[in-house]
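Read the structure below first, then the notes.
Where a number appears in this text, it was derived from the coordinates with a stated rule and is not lab data. Keep in mind it's a predicted model, so treat the numbers as computed, not measured. In this analysis, Cβ positions are derived from the backbone assuming ideal geometry, glycine residues included, and neighbour counts consider all displayed protein chains.
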Amino acid sequence: MRKVASPHRAVVVAVLLAVAAVLAAGMLPVPLSGPGAGSPRGTRTPGSAPGPRETPSRASRDTAALLHAYYRAFADGNISAARRLVGDDFVMHVPGKGLNAGEYRGKEGLRGFMAPLLGYGGGRFTVRVRHFAVHGGTAFTREVVTLNRAKDPGRTWTLRLAMEYRVRRGRLAEAWTVPEEQEVYDAYWTPSRDTPTGTPAPSRPAPSQPGPALPGHAGSPRNTRLLITFYGRLARGDLGGLHRMVSDTVEVRVPGHSALSGVYRGWDGFLELRGRVAAAAGRRYRPGARAVAGDRSGGFVREAVPMGPAPGRARNAEAEAEGSADMTAYCTVRRGRIVRVEEFPVDSGAWQRFFGDARDRR
């Protein structure tokens, strides 16, 4: 992954003007849903005193309990138990080009998603959940999955991914699988023709640990409010307010091979990335969040980047037809300031088609 150097002062000024021009066009943030999505009063900003002990809302606690039960069923390979936790209109989105890519709908769709894991896997299946954040009916996880395949059980794969969930009427209604490394994820699900046939997989993968695979804690109202405030200031073009919420040494990482991929460092690097996104998205750009959920270390944000032609940029009919290039970001927060942002396209293919593939320019 290439490193993006901090731009010179003149470049920073140009970026500021580009971002301000987009924001001045009357763009507003995408409304957030769930409790606390309104005016984030009481948000802790740098220098303020710590708030009271955090107590997640009842809706957040119910969502956390539902996800604990879902992950227990998933770790045990208990498809019947998992089906009871999803609604009739459940949808699972899996991006990429692998064998399991696509959309899985309803309770039978969930069976169709889980069953191949049991038959395709080679008996090793462990999940380590690094982050678990809940805000009302929205939940995110960030996971490291270690597993193998029945066809070549001697090879171990490590898949890093984020998951996003929506809950309605006490059941899982929608879920997104967001691989952090789409090519690795697709490679696992695309065995070559000469892959040797190994020992058949057992009926169930070995659980990663007894009981729930999720951390016991979930949700930080304080960090949720902080991120809502941050995106509100971004939408208003309040650069001074944004700067106070971002560490001077902030690091933003964008994986993959798109024209935006790289490491952006410092406030200038943060502005450079935002300027590039705004320039590519054009007048349809609406900085804002579809969903936010904080945890003890920071929090997740789902942001949509509408696809529209920027001035002087050739139209990409295929990309525009897809509507938006969503990304999921995990923001690490320390002492009330954002110190690190890791952004993952929800669909790397759509992202690279819209922003361009850096490999095509070599």
- Query: How do LYS107, LYS97, LYS151 line up, fewest other C-beta atoms within 10 Å first?
  - Reply: LYS97, LYS151, LYS107
- Taking amide H positions as placed 1.01 Å from N in the peptide plane, with prolines and chain starts having none, which residues 5 or more places from VAL250, or on another chain, fall under 5 Å of its amide H? GLY266, TRP267
- Task: Report Rg(Cα)/(2.2 N^0.38 Å) for the stretch 58-188, keeping two decimals.
- Result: 1.02
- Query: Relative contact order, percent, of the stretch 58-188 when contacts are C-alpha pairs under 8 Å separated by at least 6 residues?
  - Reply: 25 percent
- Message: Explain nothing, just compute: Karplus ³J(HN,Hα) = 6.51 cos²θ - 1.76 cosθ + 1.60, θ = phi - 60°, for every residue of the stretch 246-260 in order, whole Hz, x for Gly and Pro.
- Response: 10, 5, 5, 10, 4, 10, 10, 10, 10, x, x, 10, 6, 5, 8
